[in-house]
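A quick write-up on the structure given underneath.
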Amino acid sequence: SPGWDATSADSSRRPIILIAGPRRSGKTSIHHVVFHKLSPHETMFLGSTAAAIPELISHNELFQFEVWDLPGDYALTGEIRLDDGSTYTTEDALRRCGALLFVVDAQEGVDDDAAELLRDIGRRVAAHAPGLAVDVLIHKIDGDALQSPEARLEAQADVQITLGRALRDCGLGGLPVAFHASSVYDGSVYEAVSKVVQRLLPQRAAMTQMLDSFVTVCGFESAAIYDVVSKIHLARDSFARGEGTADLVGDTLDVVVDVACIYTSRGAAGQEGTEGTQEAADGAGAQASAAGEEAEEGAEPAEGDPEVDDTFQFDELTESVITLQDGHTMVLRSVGPYMALVAVSATPDVASGSRLGIVDCNVDIVRKALHGLFQGGAGLSPASKSGR
Amino acid sequence: MSGRSPAAMRKKVLLMGRSGAGKTSMRSIIFANLIARETSRLSATLDVEYSTVRFMGDLVLNIWDCGGQEVFLESYFEAERDSIFRDVAILIYVFDIKSAEVEKEFINYERCIKAISRDGQDARVFCLVHKMDVVPPERRKVVFHAKESEIISRSRGLDTRCYPTSIWDETLYKAWSSIVYALVPNVEALGLALSGLADACDADEVVLFEKATFLVVSSRTRRSHRDKHRFEKMSNIVKQLKLACMGSASHLDSVQIANSRFRAILVPLTATTIVMIVTPRPGPAAGLCLLNAAVARPEFDRILLHSAEGGGAAAA
Ligand SMILES: Nc1nc2c(ncn2[C@@H]2O[C@H](COP(=O)(O)OP(=O)(O)OP(=O)(O)O)[C@@H](O)[C@H]2O)c(=O)[nH]1
Ligand SMILES: Nc1nc2c(ncn2[C@@H]2O[C@H](COP(=O)(O)OP(=O)(O)O)[C@@H](O)[C@H]2O)c(=O)[nH]1
Ligand SMILES: [Mg+2]
């Protein structure tokens, strides 16, 4: 991955998030959907992972860590072979490990092999990174057989009970384990990964407090600060009134990023005043020739390049207001490099002229405060030694 | 002309192609708000499934989704031939790129073309080369062109348009926008009105979407833009948002998005349309664009009402 060595000076202090689990459980999919914006259905084309793929996440000073997508069934024994040929001792990896995701397929349930794998990993954690929590993602919760809420709950309970028992049976009952249901097809995977990443963020409490007062002063129902590249939320207000709109906020981020990508990447062309005649007419494929030509290009790949720099036209003036017919209004404002504040109001008046002015004043305060937190210099830190 | 009883303008749309080609999937995504991944739960269409959708208020599309199983095909071309192929405004033939029985499909296609032209009507033909997502991206162009030239050569000289499509990206919206564009009357007047709005806002471009489907009805561009696929991308993006809103039990009303270079505003224009106004930044204030859209609203209302009446009379 490009830039892997760019900030190697303090790379040893950057936490690693390890993604482990049985084969085909969805590890690589989660990694690509969350950190590369891969469309969920395209995960069907992903091949098996042979060597660990490390990935540096570094969109801004606050949000720096590495994600290592491990091969299936790998029990963290011996050395970890990275896809660039280098190797790493598991002891070192675990020492830098900030979070360990254990992904299981909810449709398949957990068999003895999966339980054994978690036991092996649990032993390594207990030995080399005591105190490190294991986050079990009960993944593919969207499965065809899991459509009813009852079926979902049952599948989740199954996994929890089986894995919990497996750990207790070998004396690992004290290992902190958290369970999250997830699917790449909806917001749940972002929710799960957000919870995990937030634990690594020492500034989170300060950010939460900031959002609490922002929400109170401006009259919003809820507010959160997002990393726009991954849609992970770094902090959210603590009033918990925004449950119903969490997924919608994720969709809002997508729309803002996608539309900005389309309308910011105008070509070198950009000449003024070609009073749209030729272009205007092919608006909906009106002309025979135009339709033919455009169809031709339609055969080219539709997706943009997943590289962050090319597609994320997110700058300090990025803003958005989205209103729903029932009055709900979502306000998005840029508050830092690849960081957006998204606030939801139950009434549309926050977006009216004078109220929006007040909102923007307070966004400015949040922006400055965040900047202050950056200056502090402390980004994410490995949970096992959060005191440094 | 002064009456307020817009006679609905009915158009018959035939949807044909082998079983499993993706006809019902596309129809349901465009007109019935199905999400792409939900299509795997659709069951095969038996015989003909009729649906009626209103488009732009008074344009009524009677969609005949013809199940593609062998047993039904025979009767379409024999016993039911008259009822199926009569008064067709548009034939949409879906070629499944995954199909192994290529020649058989072309034979069926030719029978459709024959049946349609035998009645001496001027039906438009649209061929969708579908499920392009299963073809590796670098091969899509070649695969599509090969298919397209074969289709054209077997269309008996009928005016035939081919589009590559997939339910997983914006190509779906490109193809269906072109199809409905062929049906919407008065597109010239709409275009002129859009020009006026674009000038008033000093906009880079203005695009008119149909409200329910988010298909592009018309557009005007004043400053050229590199991305030729931007309109269908917008259809796709905003339709996803619209569906997400419905998931949380409300309806999308308006969208504003801006950064240091542009501002895009999407607001309801008439009861059945949404307009997108894209302006440069720094540039005109959002409020000015909203005001201009409000001022233009009666004119668009008039054009759309007018087109329904004019078209209705012609069809009667
Ligand atoms: N239904 C559903 N399928 C998923 C989901 N996430 C991943 N999949 C599918 O699961 C399959 C395996 O995904 P991968 O991400 O390659 O799994 P992996 O754990 O990295 O596999 P290995 O590298 O072989 O261990 C793919 O076909 C994905 O499309 C999900 O949330 N829901
Ligand atoms: N890969 C892919 N699958 C598709 C596409 N469109 C439809 N399908 C799938 O094809 C199957 C058959 O679709 P359906 O609409 O029932 O076909 P019909 O018999 O022509 O109506 C469904 O499982 C769809 O999910 C597409 O663009 N790409
Ligand atoms: Mg993998």
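Summary table
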quantity: Criterion (within 14 Å of another protein chain (Cβ to nearest Cβ), on the phi < 0 side of the Ramachandran plot and away from ligand 1 (no atom under 16 Å from the Cβ)) met by exactly one of B:Phe55, B:Phe31; calculated: B:Phe55
quantity: Hits in the range A:53-62 (condition: assigned to a strand (DSSP E or B) and either touching a residue at least 60 places away in the same chain (Cβ under 8 Å) or within 16 Å of ligand 2 (Cβ to nearest atom) (or both)); calculated: A:Ile57, A:His59, A:Asn60
quantity: Candidate set from the range B:210-250 (those that are among the hydroxyl-bearing types (Ser, Thr, Tyr) and surrounded by 21 or more Cβ atoms within 10 Å (Cβ to Cβ)); member that is farthest from the other protein chains (Cβ to nearest Cβ); calculated: B:Thr213
quantity: Residue in the range A:17-36 that is at pLDDT below 90, under 18 Å from A:Val189 (Cα atoms), part of a loop (DSSP other than H, G, I, E, B) and within 16 Å of ligand 1 (Cβ to nearest atom) present; calculated: no
quantity: Wholly within the range B:53-151, strands (runs of 3 or more DSSP E) carrying at least 1 residues that are closer than 19 Å to B:Pro164 by Cα; calculated: B:90-96, B:124-130
quantity: Which numbered condition B:Thr273 fails, given (1) more than 20 Å from the chain's Cα centre (by Cα); (2) away from every other protein chain (no Cβ under 12 Å); calculated: (1)
quantity: Residue within the range A:158-171 that is under 25 Å from A:Trp68 (Cβ atoms) and in contact with an Asp or Glu (Cβ under 9 Å, 6 or more places away or on another chain) present; calculated: yes
quantity: Failed item, numbered, when B:Val207 is tested on (1) closer than 20 Å to B:Ala32 by Cα; (2) within 8 Å of chain A (Cβ to nearest Cβ); calculated: (1)
quantity: Test: A:Glu66 is more than 16 Å from ligand 2 (Cβ to nearest atom), more than 14 Å from chain B (Cβ to nearest Cβ) and over 30 Å from B:Gln240 (Cα atoms); calculated: yes
quantity: Counted residues, the range A:50-71 - those being modelled with pLDDT of 90 or more and near ligand 1 (Cβ under 10 Å from one of its atoms); calculated: 3
quantity: Spans of strands (runs of 3 or more DSSP E) in the range A:301-388 with at least 1 residues in contact with a Cys (Cβ under 7 Å, 6 or more places away or on another chain), at pLDDT below 75 and not small (Gly, Ala, Ser); calculated: none
quantity: Strands (runs of 3 or more DSSP E) wholly inside the range A:63-160 containing at least 3 residues that are within 16 Å of ligand 3 (Cβ to nearest atom); calculated: A:63-69, A:97-105
quantity: Failed item in (1) in a loop (DSSP other than H, G, I, E, B); (2) closer than 19 Å to B:Asn33 by Cα; (3) away from ligand 1 (no atom under 16 Å from the Cβ), with B:Ala203 passing the rest; calculated: (2)
quantity: Residue within the range B:35-44 that is surrounded by fewer than 21 Cβ atoms within 10 Å (Cβ to Cβ), farther than 20 Å from B:Asn236 by Cβ, within 14 Å of chain A (Cβ to nearest Cβ) and among the basic types (Lys, Arg) present; calculated: yes
quantity: Given (1) surrounded by fewer than 20 Cβ atoms within 10 Å (Cβ to Cβ); (2) closer than 18 Å to B:His130 by Cβ, index of the condition B:Arg86 fails; calculated: (2)
quantity: Candidate set: the range A:35-52, residues that are hydrophobic (A, V, I, L, M, F, W, C) and closer than 28 Å to A:Ile225 by Cβ; chosen: the one nearest to ligand 2 (Cβ to nearest atom); calculated: A:Leu38
quantity: Any chance B:Leu194 is in contact with a Cys (Cβ under 7 Å, 6 or more places away or on another chain), on the phi < 0 side of the Ramachandran plot, facing chain A (nearest Cβ under 9 Å) and not hydroxyl-bearing (Ser, Thr, Tyr); calculated: no
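Yes/no per residue for (1) within 14 Å of another protein chain (Cβ to nearest Cβ); (2) within 16 Å of ligand 3 (Cβ to nearest atom); (3) of a type in the set (Val, Ile, Thr); (4) closer than 18 Å to B:Leu183 by Cβ:
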| site | (1), (2), (3), (4) |
| --- | --- |
| B:Ile63 | no, no, yes, yes |
| B:Gln69 | no, no, no, no |
| B:Ser75 | no, no, no, no |
| B:Arg81 | no, no, no, no |
| B:Ile92 | no, no, yes, yes |
| B:Ala100 | no, no, no, no |
| B:Ile107 | no, no, yes, no |
| B:Glu110 | no, no, no, no |
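The values are calculated or read from the model by the stated rules, or taken from the named source; none is laboratory data. Keep in mind that what you see is a predicted model, and the values were worked out from it rather than measured. Every residue, glycine among them, receives a Cβ derived from its backbone with ideal geometry; neighbour counts consider all protein chains shown.
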